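One structure below.
The values are calculated or read from the model by the stated rules, or taken from the named source; none is laboratory data. All of these numbers come straight from a predicted model, not from anything done at the bench. So basically every Cβ, Gly included, is an ideal-geometry build from the backbone, and we count neighbours across all protein chains shown. When the accessible area is computed, the model is the full protein with side chains, heavy atoms only, and any ligands, DNA or RNA have been set aside. Shrake-Rupley method; radii C 1.70, N 1.55, O 1.52, S 1.80 Å.
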Amino acid sequence: MVLLYCLLFPPPFTTAIAMIFSFGRRGLITYNLLGINTFNVYGLHSVLFAETITFFPIAYLTLKGVLSGIDPTVEDMAFSLGSSRGRVFKTITLPLAIPGLANSFLLLFAASLADFATPLILAGSRFPVLPTEAFLQITGLFDIRGGAVLSFILLVPAFSVFVLQRYWVSRKYYVTITGKAGAQTQIKSVTSRTGKIFLTVCILISILILYFYVLLFYASIVKAFGANYQITLKHYIVVFTEGLKAIKDTLFIATIGMLLGGVYGVVVGYLVSKKTFISRSAMEIVSMINYSLPGTIVGIAYLITFNNPPIMITGTAIIIIACYVFRYGATGIRTTVAILQQIDPSIEEASFSLGANAITTFKRITIPLILPGLFSGLGVVFIRSMTAISATIFLISINWTLITVRILDKMTELELGVAAAFSTLVVVIVFIMIMFINLFLRLFRGPGAIDMSNILGG
C-alpha cells in the first residue's frame, strides 16, 4: 500500500528525465523498441503529459477527504426512492463533491500555471511559457523588471479562477458530516463492473509511473544510457561524495518545512472557513497568491525582501523553509477548507453548549474531522520541498544547497546518469518518509479515533 502512495507522487524531474530516456532520439521506446530516431520529445504534448502525471495526486488528496465524508446512507435513501445509479451519481454524489472538485481545479490550475521545472526541461524552443521566459529574462538578460512583468501577467488568470471557484462553491450547501451517526453501508452508486474499470485504469497508471522509476534506476547504473549500457556505480559515487551536502541540507529543510507546513495549512484553512473577521478574505487570497505565482518571482521576492535589516535571512535555511511553508502549505489550506465545508456547525455548537471553550472544541472536535487536510499538507509540503527548483534556485547559497539544484546542474552539463541517480535517491527518500509517517500514525492512533493510518488521509 505504501508503494502505491509513492507511485502517486512522481517528482517533476523524475517524469521529465524518464520521458527523455523513453522518447528521446536514443530513447528506450522510440529508438530501441520502435526504431524511430526522429521523434521530437520536446513540446506541448510532453509538457501536458508530464504535468498531468505530476500534479494529479493533488486532486486525489483533495477529493479523497471530501468523498470519504459523504455518508453512504444519503445514496441509500435515493436508491430507496427508485433512482438509478447514474441519477444518484449525478444528483447526489457529484453535487456533494463540488467543494473538492472546485478546490482541486484551483490547485491544479495554479500548479500548472506556475510550473517551472517541467517546461524548462521539456517545452523546448517551440513552446515557450511565461515562468521559463521570466527566468531567462532575469538570469540571461539581467532584466528583473521585465521578468516581473511577465510573471505578473500570470496573476490575471490565477485570480480569475480563484473568484470563479469561490462563486461556484458559495451557491450551494454541502454539509454531509452532521454528527448524527447511523448504520453505515457500502457505497452503491458504482457498480462492480465500473469499479473494475476504474481499478484497471489506476493499475495502468501505476505501472506507467513504476516504469518511469525503474527506467531512472537503470539509467543511473549504466555508463551512458543510449550509448553504453555497461553496469557501473560511478554515478552514485558522485551522488554520495560531491552531493552529500545537498542530501543533508535537503532532508533537514524538507522535514522542518513538512511539520510547519502541515500545521500552517490546517490553522489557516480553519480560520478562513470557520471564523469571521475583517481580513478573512484577504488572508485566503494572499495564501493562494504565493502558491499561484511563478517560483522564479517568489524566489526573487524573498531574496529582495529579506536581504536587508531588520530581517536579513538571505543565505540561511530559514528563508528556504519559509518559502516552502507559505508556498506549498496552500494545498493543506484548500483541502481543509473543502472538508470544513461539509461539517455541520451544530457539531461545534453542541460542544460549546456543554461548556467546552474554543481551544478544547478545536482540539477534540475539529482536528479529528480535518485530519485528512493535516496529513495532505504534511505529505505535499515534504514532497514539494524535496522536488522544488523554481524558487529554490534563487535562495540557495554556499551554506545551503538542495538536490534539485544539483539535478538541474547535472542536466545542463549533460551528465544525465548522475541526474538519474539523484532522482532515484529522491524517490527512495520520499518512499521511506511516507512509510515512516504511516507507521507513526498506526502506532499513535488513540482508541476509537478515526483510522488515519496513511499520509493521504484515508
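Projecting label points 7 angstrom from Cα along Cα→Cβ for Arg193 and Asn399 puts them 6.5 nm apart.
Measuring between their Cα centroids, the range 89-114 and the range 304-340 lie 25 Å from each other. Pairs over the 28 Å Cα-Cα cut-off, from the set Lys223/Lys248; Lys90/Lys275; Lys64/Lys245; Lys248/Lys274: Lys90/Lys275; Lys64/Lys245; Lys248/Lys274.
Please give the FRET efficiency for Ile153 paired with Asn357, using the beta carbon to beta carbon distance and R0 = 35 Å, rounded to the nearest 0.05. Write down the numbers at each step before the final one.
Numbers: r = 47 Å, r/R0 = 1.35.
In this case the efficiency is close to 0.15.
Annotation: amide H-H contacts under 5 Å for Val222 (H modelled 1.01 Å from N, sequence separation of 5 or more, or interchain): Thr232. Note on Phe49 and Tyr218: with the Förster distance fixed at 25 Å, the Cβ-Cβ geometry gives a FRET efficiency of about 0.75.
Taking all protein chains into account, the per residue accessible area for the range 196-271 stands at 53 Å² (1.4 Å probe). Compared with the alpha-carbon gap, the fully stretched path from Phe79 to Ser160 is longer by 25.3 nm at 0.36 nm per residue. With θ taken as phi - 60° and the Karplus curve 6.51 cos²θ - 1.76 cosθ + 1.60 applied, the whole-hertz 3J(HN,Hα) list for the range 230-239 is 5, 5, 7, 10, 5, 5, 6, 4, 5, 4 Hz, x standing for glycine and proline.
Using 0.36 nm per residue and subtracting the Cα-Cα separation, the extra length available between Val201 and Thr276 on full extension is 22.7 nm.
Counting heavy atoms of the protein chains only and a 1.4 Å probe, report the per residue accessible area for the range 300-390 as a whole number of Å².
Details: 3460 Å² over 91 residues.
That works out to 38 Å² per residue.
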